[in-house]
Structures are given as structure tokens and as C-alpha cells.
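The values are calculated or read from the model by the stated rules, or taken from the named source; none is laboratory data. Just so it is clear, the model here is predicted, and its values are computed rather than measured. Backbone-built Cβ (ideal geometry, glycine too); neighbour counts: all protein chains shown.
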């Protein structure tokens, strides 16, 4: 049976009840699921349109998405891509609204640069804010000559700086672009990712072709299965999802679905400025 949309009023009452301690464990689980989803969704949605090599440097491509949770509005986000010479500059951000905002207010932003030829990451900056805790900042600077990445992290009053080996790894944004530019999606693929917190591996497998009817029109699409697994600690599965991208040269990410601890979350393209 399909899940029914959650009304704002019902969500608010649910939120109050949980805060009073009737089910604090579930409340925290939902908060964590929402936070994890926003971090993962920004990355997964960043199978964005790569600026063509012949395009002028001052032009920016923008993709806008709406997020729903069990059919109800839960957030929105956008991805802006720009070419600066041989460097690709991507900015992605998402914010909670609707039913998710009734539980927790969240805002995430990622800005990354990488080579348009090799997709090797250069810089990666992640910012996260929530009404539930301290803001979080992560800044990565990659040096491919020394094969090291410099890591700067701030969470509340805690600060950390160190360097790690970066050979063979990508940040979430450059990893997404690397995979998006594969010519044959029918072949299984994976890429190793480092986000300043830990290393993980994204597996991508082909599920088939489809045709989607969205606000932006009808789109022939390729459906991909996504699975993210940690490469440290218990090496557990971080999350799974399905991604539909346009079956054309642009390969625009059209729809992303993910099922965290409660319900189903869906990212859907509503506007493309190419």
C-alpha cells in the first residue's frame, strides 16, 4: 500500500509529542535520517549538466529541484555549474521546508572545483546548519603532486586540521561528474569518495530505460541504482537510492528517490536553465 502524505499539522503534533520524550529515540533517528539525506541528496543530485567545452566561461547552468517526503513538500535545492577556463566550478545547496522543516530546519551548501579533463578534485567546501546543533564546516584542498589532501574542519568550537593521502579518491561533486560522463551506463561502475569525514564507495548499476512525465515535460530516461558503502570502520551501507537521468547528451538528473528510516524522499527537477 502506498504511503499517504503527511500533513503539516500532523507532522507538527508528531514533532511535539516526540520532543516531550514519548519517543525520543525515533525523533533523533528521523533527525539523523533527514540530515543524512540532505548530505547525500546534494551529492547524488550533482550528476549535473557538464558545461560543454566550447561554451563561454561567463555562462552558468542552473538546475532546480523540489523535495517531497511521502508526497508532501519537504525541501528544495539548486545546482549551479560554471566553466572557468579548464576548471569546473559547482555550487549545490538545499534547504528544508514543509513537513521536514516542521521537524528540523536544515540548510546545506557545497562548493567544489575540479579539472574538466581528468575530473581530479581541486577544492571542496561543505557547510551545514541546523536548529538542532552547532554549524559544521569542512574544507578540502587537494594537492595531486604530493597526493595529499589538506583537511580543515569546524564544528561548533571544535577545530581540526590534518592531511591525508588522496590518491585515487574524489570528493562527492567530482565523483558524481566522473560517473555521469561514462559513455555506457549498462556496465556496473564504482568510485571512491572522500568528504573530509571518511572514505566511502559509490556503486552504480543499470536498471533499465524509462520515460518520465515531469513538470519540465516528458523525458526519455535511464534508471540507475545507487549504493553507498563506507570504506572505514564497520564498512556498513550508508544509503541506497534510484536515479533517473535524461537519456540524451546532456544527461540531466531528473529524479532521485531514497528511502530513509521513515517513508520515501523524492528529488524532482522543476527547472533547467542551460
Exercise for review: May I ask you to say which residue of 80, 112, 92 is without any contact (Cβ under 8 Å) to a residue 24 or more places away in the chain and part of a strand (DSSP E or B)?
Suggested key: 80
Study note, to complete from the structure: Within segment 58-72, of all residues that are in a loop (DSSP other than H, G, I, E, B) and within 24 Å of residue 84 (Cβ to Cβ), the one modelled with the highest pLDDT is 59
Point to revise | Count of residues meeting criterion [out of contact with any strand residue (DSSP E or B) (no Cβ under 6 Å at 6 or more places or on another chain) and touching a residue at least 40 places away in the same chain (Cβ under 8 Å)] in segment 141-157 | key: 0
Exercise for review: Hey, can you tell me all the residues within segment 241-271 that are surrounded by fewer than 16 Cβ atoms within 10 Å (Cβ to Cβ) and either assigned to a strand (DSSP E or B) or at pLDDT 90 or above (or both)?
Suggested key: 270, 271
Exercise for review: Looking at (1) in contact with a strand residue (DSSP E or B) (Cβ under 7 Å, 6 or more places away or on another chain); (2) farther than 24 Å from residue 267 by Cα; (3) part of a loop (DSSP other than H, G, I, E, B), find the lone condition where residue 182 falls short.
Suggested key: (2)
Check your understanding: Which one is farthest from residue 198 (Cα to Cα), of the residues in segment 149-171 that are surrounded by 14 or more Cβ atoms within 10 Å (Cβ to Cβ) and modelled with pLDDT of 95 or more?
Key -> 154
Practice item. Spot the failing condition for residue 176; the list is (1) touching a residue at least 60 places away in the same chain (Cβ under 8 Å); (2) out of contact with any strand residue (DSSP E or B) (no Cβ under 8 Å at 6 or more places or on another chain); (3) loosely packed, with under 13 Cβ neighbours inside 10 Å, and only one is missed. Key: (3)
Practice item. Search segment 74-92 for residues being more than 15 Å from residue 270 (Cβ to Cβ) and within 12 Å of the chain's Cα centre (by Cα), and hand back the single one that is surrounded by the fewest Cβ atoms within 10 Å (Cβ to Cβ). Key: 91
